[in-house]
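The values are calculated or read from the model by the stated rules, or taken from the named source; none is laboratory data. The structure displayed is predicted, hence computed values, not measured ones. Note that we place each Cβ from the backbone using ideal geometry, even for glycine, and neighbour counts take in every protein chain shown. Just the protein is used for accessible areas: all its heavy atoms, side chains included, with ligands, DNA and RNA removed. Shrake-Rupley method; radii C 1.70, N 1.55, O 1.52, S 1.80 Å.
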Amino acid sequence: MKNDLRPSRLPLSDIARVGAFGLRARRARVVLSALGIAIGIATMVAVVGLSESSRADLMARLDRLGTNLLTAEAGEDAMGRAVKLPKNAVAMVERVGPVLHATATADVDARIRRSDVVPEERTAGVTAQAARLDLLSTLGGEVDKGAWLDPAGERLPTTVLGAVAAERLGITRIGETIMMNDTRVVVVGILKPLELVPTLDRVAMVGFPAAERHFGFDGHPTTIFERSTDASVEDVRAVLARTISPGDEAGVKVSRPSDALAAKAATDEGLTTLMLGLGAVALLVGGVGVANTMVISVLERRQEIGLRRSLGATRSAIRLQFLAESLLLSALGGVTGALLGAAVTYGFARVQEWTAVVPPWSLAGGLAATLLIGVVAGLYPAIRASRLHPTVALHAT
């Protein structure tokens, strides 16, 4: 009977077991090599996760604040002179069909000081504006302390401070007074930050009638705010300037405050791309570390390779053994990095009070990248190990 001698083939489970044994024998080196992969994957997962979490929070804020707010501000005419908006500009805007609400503010020539002992030139960076009673409801703002202007208060020397204005003036409670020119004005309210119109955070607001009576205000608004239906925002935007100032629409600047938040999202996306590039560099460095570890492993284990070849191991078995080690080493770093990146995302999002978002594709992509690196980094060492002649390998020192 003729013997049929064929090279034996190791099942995948045995290949994985042999590869894992090679890693367990060199734990310190394995940890350091896997750390490079882990840092790269953690960076990429965290960058994507934090970017998506920030974007989700921004979109939620836009949904809450609304994207249907338009502002129209007085600009300059062809001669470079400041344009005055008509006193009845709000009423004109309200006549546009899709407009739901319209209101206005106006600049007031008044220097604001904490008290009369503070020199007039020290205004703390706070300006004065006249405001209509429906300003807060139109902007969707909220009062932090005290109350908003009412029909009686808008005629009296009372003011409502923006959040930053109150901080700069050192006002912490209602009932305190500040100086607007030589008039002592009572603080009746402090607002929460206005996300869509942050310029109003630095303003002390008084009613239109009080501004006319105490500060020589001429009644011309400076900025018009209007809200329309979501579907008609662009249509209203197209006619808003000529509605406010017929025949001189070039002197009216129309903008959409929510565009600034949308631009921030675009800026964040560019920064995310840059950070992903840095993560890819870290991942490449980790791959070089894995390749270096595998090359050294082949040099140190030449006698082991020679013994296995002498006992009948084929070249393909040797190649698979070292490829398995490289893949397991990369997978160890990849899984650790993915978990670390997800943990960083959830932790930072919780601190920022965001909804944590870790896209599944970022985890899958990171793990796929580690496996690719494992194959590429381990291919040359595996081929080199399989080409060692058994006799030469056994006599290696």
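Going by the structure shown, is Val143 surrounded by fewer than 16 Cβ atoms within 10 Å (Cβ to Cβ) and within 21 Å of Phe225 (Cα to Cα)? Yes; evaluated as a whole, the condition is true for this residue. When Thr159 is tested against (1) open to solvent by 40 Å² or more (accessible area, probe 1.4 Å); (2) more than 34 Å from the chain's Cα centre (by Cα), only condition (1) is not met.
Only residues that are in a helix (DSSP H, G or I), touching a helix residue (DSSP H, G or I) at 6+ places or on another chain (Cβ under 7 Å) and not small (Gly, Ala, Ser) were counted in segment 338-368, giving 6. Exactly one residue out of Val164, Val254 is in contact with a Leu (Cβ under 6 Å, 6 or more places away or on another chain), open to solvent by 20 Å² or more (accessible area, probe 1.4 Å), of a type outside the set (Phe, Trp, Tyr) and not in a loop (DSSP other than H, G, I, E, B): that is Val254. Restricting Gly125, Gly146 to those that are among the small types (Gly, Ala, Ser), under 35 Å from the mean Cα position of the chain (by Cα) and at pLDDT below 90 reduces the list to Gly125. Taking first residues from segment 121-134 that are in contact (Cβ under 8 Å) with a residue 40 or more places away in the chain and partners that are assigned to a loop (DSSP other than H, G, I, E, B) and open to solvent by less than 40 Å² (accessible area, probe 1.4 Å), the Cβ contacts under 6 Å between residues at least 6 apart in sequence or on separate chains come to Ala128/Ala110; Ala130/Phe217; Leu133/Leu149. Within segment 100-113, identify whether any single residue is in contact with a Lys or Arg (Cβ under 9 Å, 6 or more places away or on another chain), in a loop (DSSP other than H, G, I, E, B) and open to solvent by less than 80 Å² (accessible area, probe 1.4 Å), and answer yes or no. Looking through segment 100-113, none of the residues is in contact with a Lys or Arg (Cβ under 9 Å, 6 or more places away or on another chain), in a loop (DSSP other than H, G, I, E, B) and open to solvent by less than 80 Å² (accessible area, probe 1.4 Å). Here Asp77 meets the list (1) at pLDDT 90 or above; (2) touching a Gly at 6+ places or on another chain (Cβ under 6 Å) almost entirely, failing just condition (1).
Every residue, every condition in (1) touching a residue at least 40 places away in the same chain (Cβ under 8 Å); (2) assigned to a loop (DSSP other than H, G, I, E, B); (3) in contact with a strand residue (DSSP E or B) (Cβ under 7 Å, 6 or more places away or on another chain), yes or no:
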site: Met179; (1), (2), (3): yes, no, yes
site: Val185; (1), (2), (3): no, no, yes
site: Leu196; (1), (2), (3): yes, yes, yes
site: Ala204; (1), (2), (3): yes, no, yes
site: Pro209; (1), (2), (3): yes, no, no
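Restricting attention to segment 191-222, the residues that are over 28 Å from the mean Cα position of the chain (by Cα), surrounded by fewer than 21 Cβ atoms within 10 Å (Cβ to Cβ) and of a type in the set (Val, Ile, Thr) total 1.
The residues in segment 141-170 that are without any contact (Cβ under 8 Å) to a residue 24 or more places away in the chain and either within 16 Å of Pro193 (Cβ to Cβ) or acidic (Asp, Glu) (or both) can be counted, and the count is 2.
As for segment 75-92, it holds no residue that is closer than 20 Å to Leu139 by Cβ and among the acidic types (Asp, Glu).
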